[in-house]
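Worksheet for the structure shown next.
The values are calculated or read from the model by the stated rules, or taken from the named source; none is laboratory data. This structure is a prediction, so every number in the text was calculated from the model and none was measured. Positions of Cβ are generated from backbone atoms using ideal geometry, with glycine treated the same way; all protein chains shown enter the neighbour counts. Remember, those area values only see protein heavy atoms, side chains included, never the ligands or the DNA or RNA. Shrake-Rupley method; radii C 1.70, N 1.55, O 1.52, S 1.80 Å.
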Amino acid sequence: MAFFDILHLEKSFGAQRVVKDFNLNIEKGEFISFLGPSGCGKTTVLRMVAGFETPTSGAICIDGRDVSGLAANRRNIGMVFQAYALFPNLTVEQNIGFGLRIKGEGKAAISARVGEMLELVGLPKLGERYPFQLSGGQQQRVALARALAIRPQVLLLDEPLSALDAKIRTSLREEIRRIQRELGITTIFVTHDQEEALSMSDRVVVMHQGIADQVGTPFEIYNRPATRFVAQFVGTLNLLDARLLDAAAGRVGLGDIPVALNRELPGRAGDRLSLALRPETVVLGRKDEGSVVLSGHIAEVHFLGSVIRIRVAVAGQFVSLDTFNQPDTPPPSVGTPVEVSISDRDLLVLAA
């Protein structure tokens, strides 16, 4: 068993199953993100781990102990909520020390621990302020310090950055990761933001309709999606409709254009399938002899600053590609005939 095991976890509300046979093994000190759209079940799993929801079936084991039947305050879990949930009538120091006072620790121990936490989250001089006197980012740091003050075995973060503006979110997610690594605390982070999940996590759990569609490193999730949903949900993706011409030879047809993928494909001639590829894997012009080369014309050009996204019409469909902005080289004009090159290894084949 791993340090933290979620085994065959299920949750139903009436006749509706919102979490279905969810399994996950987490090693001590790992940072795991639950990523998925609203309603996919990620927060329900987190609430069951925290003890705020009772599982319909399954087990939650921490360090070899099944905590499924324990009350939330007996699980030694720290949680940071999206809405901070700070006590408005308590100072920052009192908020951070609240859990320690509930545990019955002495004043000297509480004071020392609160001081440590204020230093850890970078707020050493704000202990006497009240929550309304802090910015949103500072309030979330206080909430994080309060969750960590009790020395939890597991830290749960429920979309803690979603209420903050983009710049603060970026700096705070770096701070959360730094603190997590410094303490070596096992952490589950719930988010619908792909960039947060991919940039912060050791592994990502992509959830869809109550199940874990794929569990893997950020590199694996992005570059080798296991399902059509993961491929479409994570990152920007080109999806091209194709038909199978020769399964053994790996030949498919994009409209009237035959494409050789140089690997055996499942299915039979005539089957419909989709070819998936990331914009950054597509090159404008001819790349090399081993590439798949498609002819078309420029349909759209979007200037995004450091990156230019170009949309090319190919075989009645569209392929988006990203190229770096070069101040001395303007992008091609709409309507310009072009060729695009794609390495066959970058084309993922998905069932239609």
Which of the helices (runs of 4 or more DSSP H) contained wholly in the range 154-237 include at least 3 residues that are of a type in the set (S, T, N, Q)? 166-183
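One line per residue, one yes/no per condition, for (1) of a type outside the set (D, E, K, R); (2) touching a residue at least 24 places away in the same chain (Cβ under 8 Å); (3) surrounded by 16 or more Cβ atoms within 10 Å (Cβ to Cβ); (4) in a loop (DSSP other than H, G, I, E, B):
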{"site": "R263", "(1), (2), (3), (4)": "no, yes, no, yes"}
{"site": "A269", "(1), (2), (3), (4)": "yes, yes, no, yes"}
{"site": "K287", "(1), (2), (3), (4)": "no, yes, yes, yes"}
{"site": "V292", "(1), (2), (3), (4)": "yes, yes, yes, no"}
{"site": "S295", "(1), (2), (3), (4)": "yes, yes, no, no"}
Search result, residues across the range 130-153 that are part of a helix (DSSP H, G or I) and either among the aromatic types (F, W, Y) or over 25 Å from the mean Cα position of the chain (by Cα) (or both): P131, F132, Q133, A149
Filter the range 316-343 down to the residues that are under 16 Å from D241 (Cα atoms) and either of a type in the set (A, V, I, L, M, F, W, C) or open to solvent by less than 40 Å² (accessible area, probe 1.4 Å) (or both) and list them by number. Q317, F318, V319, S320, I342
Of the listed residues (T217, T227, T236), the one being within 30 Å of A15 (Cβ to Cβ) and open to solvent by 20 Å² or more (accessible area, probe 1.4 Å) is T227
If you go through the range 159-171 one residue at a time, how many are within 17 Å of F34 (Cα to Cα) and surrounded by fewer than 21 Cβ atoms within 10 Å (Cβ to Cβ)? 2
Consider the range 88-127. How many of its residues are assigned to a helix (DSSP H, G or I), open to solvent by 10 Å² or more (accessible area, probe 1.4 Å), in contact (Cβ under 8 Å) with a residue 40 or more places away in the chain and over 21 Å from R75 (Cβ atoms)? 1
List the residue pairs whose Cβ atoms are under 7 Å apart, where the first residue sits in the range 325-345 and is over 9 Å from H297 (Cβ atoms), the second is among the charged types (D, E, K, R), and the two are 6 or more positions apart or on different chains. E339/R286; S341/R286; S341/K287
Pair list, Cβ < 7 Å and 6+ apart or interchain, from the range 55-67 residues that are farther than 15 Å from I211 by Cβ to residues that are among the aromatic types (F, W, Y) and part of a loop (DSSP other than H, G, I, E, B): D63/F3
Look through the range 326-352, keep the residues that are of a type in the set (D, E) and touching a strand residue (DSSP E or B) at 6+ places or on another chain (Cβ under 8 Å), and return whichever of them is farthest from S274 (Cα to Cα). E339
Taking T191 as the residue in question, decide whether it is within 16 Å of the chain's Cα centre (by Cα), under 20 Å from Q82 (Cα atoms) and surrounded by 15 or more Cβ atoms within 10 Å (Cβ to Cβ). yes
Out of A247, A315, which single residue is among the aliphatic types (A, V, I, L, M) and out of contact with any strand residue (DSSP E or B) (no Cβ under 6 Å at 6 or more places or on another chain)? A247
